[in-house]
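One structure is given below, encoded as C-alpha cells.
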C-alpha cells in the first residue's frame, strides 16, 4: 500500500510541477524553454521505448517526429483556410496517428532483426525520407519548410493560443498523458516482453513469443509518441522544416536519451531537461556549444554508460545502507579540482577561438595576446588534472567502503 | 550518347574505387570487431584536412604520405583507449560511441579549421588533361586517383591473402582465441588493423579532398554511403565491398548523366496526370534528382530481401 501511495504521490507531484512551473518562472523566455522541454521529453521518452526498453538502436527516429509535425502543420493550414473544422487541442493526436501509420509501415519490414541490421535499416529510411523531403517540395515545402497558424481553431477553455503560455498548458496535458501511457506501457505484458526480447530474443521465442511481433509493437508505440512530440512541435513553432526529420534531429534524440540514461524510465526526461537547458544557457554565450556537447556525449558513453540516471542510481546501495555521507568529502576532493580543470580547459578553448582581443568569460578578462592569461589557464588546467588524478584513488576507496557488504548480519536484512 | 556513357563510366569508376578505399577498411574492421565504425568517414575528412594543412607548408606530396600516417595513429589511439573500453558494454554502446565520435570530429574540425570550404588544390604536376575524348577532357588527377585506388586494392588483396601478416589477420577474424593461444597478441592486431583501416580512409581523404571539396560536411556526405556499401556488399566481405562500391559509384554516375525521368516515362506510356496534388512533384521527377536517394533505396531493399548482403555469409 505504501508503494502505491508513493507512486500516486510521484505522479501527482510530476503534474503539480508541470502546472506550477509557469507560475514561478513567468517570463516569455522561460515559457518558450518549457515548451521546448515538453517536446523534448515526449520525444526522448519515445526513443527510449526503442533503444532502452526494446534494444533497437535507431538512427532515423526523427522520421516519425517530422512526419507527425508536417501532417499537423498541414491540418493547421486546412483550418486556417476553413477547409476543415478541428480542435487545436487534438493536433498532437494527428501527429501521433501519422507516427503510428509510418511506424506500422516501416516496422512491418524493419523489426525482423534488432542490432546492426535494424540500425542500418533505420539509417536508410531516415536518409530516404530526408532526401525525399527536399524532392517533394509540394508537401514538405523544400528548404523553406511549411508554416501554419495555430490561432484559427475554436477557443478551448477560454484559450485562443495566441500566447505561448496557452500552448504550454496544452503541452502539459499531452506530456503528462504521454508520460503516463509510456510508463503504463512498460508495465503491460507487451512492455515486459520488449525487455525480454531485448535481453535474449532466443529465450523469448522459446517461451512462445514472436520476437519480431514484440519489437513491432514497441516500434509502433515509439513512432506514435514521436509523432505526438512532432505535433506539439508544429503547434509550438507553427513551422516545420526538413531539418525536423533528418539525421541531425535523429542524432539529437539519441544524445538526449543516452546522456539521460537508457533503461531507466526517468533517464530520457533528465536528458531532455539537461540538453534543452544547456542548449539555451550555452548557445547564447558560446559558438562552441556543439563541440562541448560532442565531448560530453563521448565522455558519457565512455565513463557513464548508463547516463546520468544510472549515475544517480549507482548510489542506491550506499544510500540504503546509510553510508552516503561518507562519500561527500571524497566527492568534493575530486570534484573541485575536476571543476577547475574543466573551467580552465573551457577558457582555453574559448580564448583560442575568440574573435575579439579581450575575452570576458566567467567574470575573467582574458587577453588573447597576453602570455600571462595563457600561462595561467594552462597552469589551472594542469593543476586541476593533477589534483583530480591524485584524489581518485581516495574516492575509489571511499566508494568501495560505502558499497561493501555488511560485516555483521541484521541490518542488511532489515533494509 | 557514347561520350556521355564513356565519361559516366570513367567517373563512376573513380568514385566507386574511392568509395572502396573507405569501404575496405570499414569492412575489415567490422569482420574483426563486429562493430560498424560510424566515424570511419570522419577519418577520411581528417585525412583531407591534415593533407591540406601540410600541403600549405610542404607541398601536396608530403601531405599524401604524412596525413594518412597521422590519421592511422589517431585511429589506433581511438581503438586502444576508446573502443576497447566501450566494448564491455556491448555492440550498441560501441555503435553509439562511434556515432558520438563522428559528431565530435566534425565539431573539432570546425573548431580548428573553421566552417568555410578550404582551397585544397590538385598538385601542379597533375594539372593537365590526361586525354581528350569526344571534345571532353579527362584530367590527369582523376587518372592518378584511379591508379592509387587500384594500387591500394591490389596491395591490400596481396597482403591479406599472400603474406604471413595477412594470414594471421584472417585467422584472428575467424578464430581469435586460437590465434591468441598460438602466442599472437590479438588485441594488438585489432589496434593495428583499426589503424591501417583508418589510415586508408585518411588516404582516400587526401586524394579526394581537392576534387570533392574539403569542407566540414564532407564526412556526412560520404559517411552514410560507405555504410550502405558495406551493408549491401555483405558485412565483412571484401569482394562484396568492391562490387558494391563499383555498383554504387556507377549507379550514381549514370543516374546523374542520364537525362530521363518521369515526364519521359509518362510520355512513353501515354499517360497524363492532373497536377493538383501535394505530391505532384512525383510526375516531374528525373533520375538526376533522385541520384542521392538511390543508394539508400538499394540499402533498404537489400536489407529486406537479402539481409546478409550480396556476398555476406554471416547471419548475425
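Bear in mind that the values in this text are calculations on the coordinates, not laboratory data. Model, not experiment: these values are computed from the prediction. Counting neighbours? That spans all protein chains shown, and the Cβs are built from the backbone with ideal geometry, glycine included.
Shape of chain A from the C-alpha gyration tensor: oblate (a/c of 1.5 or more and a/b not above b/c, with a ≥ b ≥ c the square roots of its eigenvalues). The convex hull around the C-alpha trace of region A:16-121, projected and averaged over every direction, spans 8.8 square nanometres. Hey, in the GNM for chain B with a 10 angstrom Cα cutoff, which one of B:198, B:98, B:161 fluctuates hardest? Per the Cα network of chain B with a 10 Å cutoff, B:161 tops the list. Multiplying the residue separation of residue A:186 and residue A:206 by 0.36 nm and removing their Cα-Cα distance gives an extension gain of 5.0 nm.
Annotation for region B:25-67 versus region B:173-222: alpha-carbon center distance of 8 Å.
What the Cβ-Cβ distance of residue A:371 and residue B:80 gives, at R0 = 22 Å and to the nearest 0.05, is a FRET efficiency of 0.05.
For a quick check, take a GNM of chain B with Cα springs below 10 Å and name the residue from B:175, B:87, B:40 with the largest mean-square fluctuation. Checking each option, the largest mean-square fluctuation is seen for B:175. Converting the Cα gyration tensor eigenvalues of the protein assembly as shown into ellipsoid dimensions via √(5λ) gives semi-axes, longest first, of 41, 36, 28 Å. Principal-axis analysis of the Cα atoms of chain B puts helix B:294-305 at an angle of about 70° to the longest axis. Equivalent-ellipsoid semi-axes for region A:318-390 (Cα gyration tensor, √(5λ), whole Å, largest first): 34, 12, 8. Springs between alpha-carbon atoms under 10 Å, Gaussian network over chain B: tell me which of B:178, B:21, B:33 tops the mean-square fluctuations. Taking springs between Cα atoms under 10 Å, the residue moving most is B:178. Taken over region B:188-249, the ratio of Cα radius of gyration to 2.2 N^0.38 Å equals 1.22. Remark: spin-label model distance residue B:290-residue A:304 equals 4.6 nm, labels positioned 7 Å along the Cα→Cβ axis.
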